[in-house]
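Visitor: What follows is a structure written as C-alpha cells; I'll ask about it next.
FYI, it's all coordinate maths here, none of it is from the lab. As the structure is a computational prediction, the values presented were derived from the model and not from experiment. Cβ placement follows ideal geometry from the backbone for every residue including glycine, while neighbour counts extend to all protein chains displayed.
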Amino acid sequence: MGVSVFSGRSTDLLTESFLRVRAGAPLLEHVPDGCDVPSAEAAYRVQHATIRALGGRIAGWKVGARTPESEPFAAPILAATLFDGGTILPPGLCRHIGVEAEIAYRFGHALPPRAAPYTAGEVCDAIVSVHTAIEIIDTRFAVPGSQPALDHLADQQSHGALFVGPGITDWRSLVPLEERVILTVGDRVVADHVGGNSAGDPIRTLIWLAGHAARHAGGLTAGTIVTTGSTTGTLFVDPGTHVRATFAHLGTLSLTCG
C-alpha cells in the first residue's frame with residue numbers, strides 16, 4: 001500500500017522539495033514526512049518527474065552498482081549539467097562539490113525501446129568511444145550520503161555535473177578493471193591504483209541501462225554519454241580547487257571546480 005500512496009501525492013511532494021532546493025531554498029535535512037522512498041521504481045518516478053519539471057534534453061546517464069553482482073542503478077543527466085570537453089565548473093552550480101574519476105562511454109547510435117532485451121554485442125556495437133570523465137557529486141540534502149540509499153537515488157543519484165575529457169575510439173581492447181587511474185587534487189595525488197569501480201565490468205551495467213532507459217526515457221539516443229561509476233571514491237573539495245583525472249589508456253582531464 002505504501003508504494004501505491006507514494007506514487008501520487010508523495011511523489012509530487014518530494015519532487016517539489018528537490019525543485020525548491022535547486023531554485024535556491026535551504027538544503028533538506030531529510031525527505032518531507034510521508035515521503036520516504038520505498039523502492040527503486042518509486043525513486044525513478046521522482047527522478048523523472050524532477051527531470052521533466054526542469055526541462056531540457058537528457059544528454060547522458062550515470063549508471064553503477066554496489067557490487068559486480070548487484071542490481072545496477074541509474075539517473076539521467078540533462079544537457080545543462082553535461083560538459084563535453086569543458087574544464088570549468090560554473091560557480092554556484094553545485095552546493096556540494098564531490099569529485100570522482102570515472103570512465104564514460106559515448107553511444108554512436110540509438111538503442112530505442114523494443115520488445116527483446118539488448119544483447120552485449122548490440123550494446124558494444126553502439127559504443128563509438130570511451131573517455132576519461134569527472135563527475136561532480138552534489139545533493140539536495142544538507143549532508144552528502146546521510147540519507148537512505150533510495151532517497152539519494154530519487155535525488156538524481158546525487159548528480160551535480162559531468163565533465164567528459166579525452167578518449168579513444170579503438171576501445172575494445174580496454175580492460176577497465178585493469179586500468180590505472182590517478183586522481184590529483186591541487187598538487188596532491190589522492191588516488192593512484194588499478195580498477196576501483198565497485199560495479200565491476202561496466203559493460204554489464206550498460207546492458208542493464210539499455211533496458212532501463214527504454215522503460216523510463218524512450219531509450220538511449222545517439223550521442224548519449226554514459227558514465228559508469230567512481231573508480232576513486234568521492235572527495236569533497238572547495239570551490240576553486242584544481243583537480244586532474246588520468247586513465248592510463250584514455251588520457252587526462254583537468255578541471256577547475258568553480
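Visitor: Take the conditions under 30 Å from His48 (Cβ atoms), in contact with a strand residue (DSSP E or B) (Cβ under 8 Å, 6 or more places away or on another chain), in contact (Cβ under 8 Å) with a residue 24 or more places away in the chain and surrounded by fewer than 22 Cβ atoms within 10 Å (Cβ to Cβ) and apply them to Gly186. Does it pass? Walk me through it before giving the result.
Guide: Details: under 30 Å from His48 (Cβ atoms): no; in contact with a strand residue (DSSP E or B) (Cβ under 8 Å, 6 or more places away or on another chain): yes; in contact (Cβ under 8 Å) with a residue 24 or more places away in the chain: yes; surrounded by fewer than 22 Cβ atoms within 10 Å (Cβ to Cβ): yes.
No.
Visitor: Of the residues Val130, Val175, only one is crowded, with 21+ Cβ neighbours inside 10 Å and either free of Cβ contacts under 8 Å to residues at least 12 places away in the same chain or out of contact with any Asp or Glu (no Cβ under 9 Å at 6 or more places or on another chain) (or both); which? Outline the logic, then answer.
Guide: Numbers: Val175 fails: crowded, with 21+ Cβ neighbours inside 10 Å.
Exactly one residue qualifies, and that residue is Val130.
Visitor: Here is a check on your reading of the model: is Ser158 surrounded by 21 or more Cβ atoms within 10 Å (Cβ to Cβ) and of a type in the set (S, T, N, Q)? Let's see the steps before the verdict.
Guide: Details: surrounded by 21 or more Cβ atoms within 10 Å (Cβ to Cβ): yes; of a type in the set (S, T, N, Q): yes.
Here the answer is yes, as Ser158 does meet what is asked.
Visitor: List the strands (runs of 3 or more DSSP E) that sit entirely inside segment 1-115 and contain at least 1 residues that are among the hydroxyl-bearing types (Ser, Thr, Tyr) and buried (at least 22 other Cβ atoms within 10 Å of the Cβ).
Guide: Output list reads 98-107.
Visitor: May I pose another question? Filter segment 214-244 down to residues that are assigned to a loop (DSSP other than H, G, I, E, B) and in contact with a Lys or Arg (Cβ under 8 Å, 6 or more places away or on another chain) and give me whichever is nearest to Phe73 (Cα to Cα). Walk me through it before giving the result.
Guide: Keep residues of segment 214-244 that are assigned to a loop (DSSP other than H, G, I, E, B), which gives 218-219, 221-224, 231-234, 237-240.
Narrowing further to those that are in contact with a Lys or Arg (Cβ under 8 Å, 6 or more places away or on another chain): 223-224.
Numbers: Gly223: 21, Thr224: 17 Å.
Across segment 214-244, the extreme among qualifying residues is Thr224.
Visitor: Turning to a different aspect of this structure: When you check Glu122 against the structure, is it farther than 18 Å from Ser230 by Cβ and not hydrophobic (A, V, I, L, M, F, W, C), yes or no?
Guide: Values: farther than 18 Å from Ser230 by Cβ: yes; not hydrophobic (A, V, I, L, M, F, W, C): yes.
In short, yes.
Visitor: Restricting the search to segment 198-210, which residues are over 19 Å from Arg172 (Cβ atoms) and surrounded by fewer than 18 Cβ atoms within 10 Å (Cβ to Cβ)?
Guide: Answer for segment 198-210, where residues must be over 19 Å from Arg172 (Cβ atoms) and surrounded by fewer than 18 Cβ atoms within 10 Å (Cβ to Cβ): just Ser198.
Visitor: Going residue by residue through segment 133-140, is there one that turns out to be out of contact with any Asp or Glu (no Cβ under 6 Å at 6 or more places or on another chain), part of a loop (DSSP other than H, G, I, E, B) and loosely packed, with under 15 Cβ neighbours inside 10 Å?
Guide: Scanning segment 133-140, I find no residue that is out of contact with any Asp or Glu (no Cβ under 6 Å at 6 or more places or on another chain), part of a loop (DSSP other than H, G, I, E, B) and loosely packed, with under 15 Cβ neighbours inside 10 Å, so the answer is no.
Visitor: (1) over 19 Å from Phe18 (Cα atoms); (2) touching a Gly at 6+ places or on another chain (Cβ under 9 Å): which one isn't true of Phe83, the others all being true?
Guide: (2) is the only condition that Phe83 fails.
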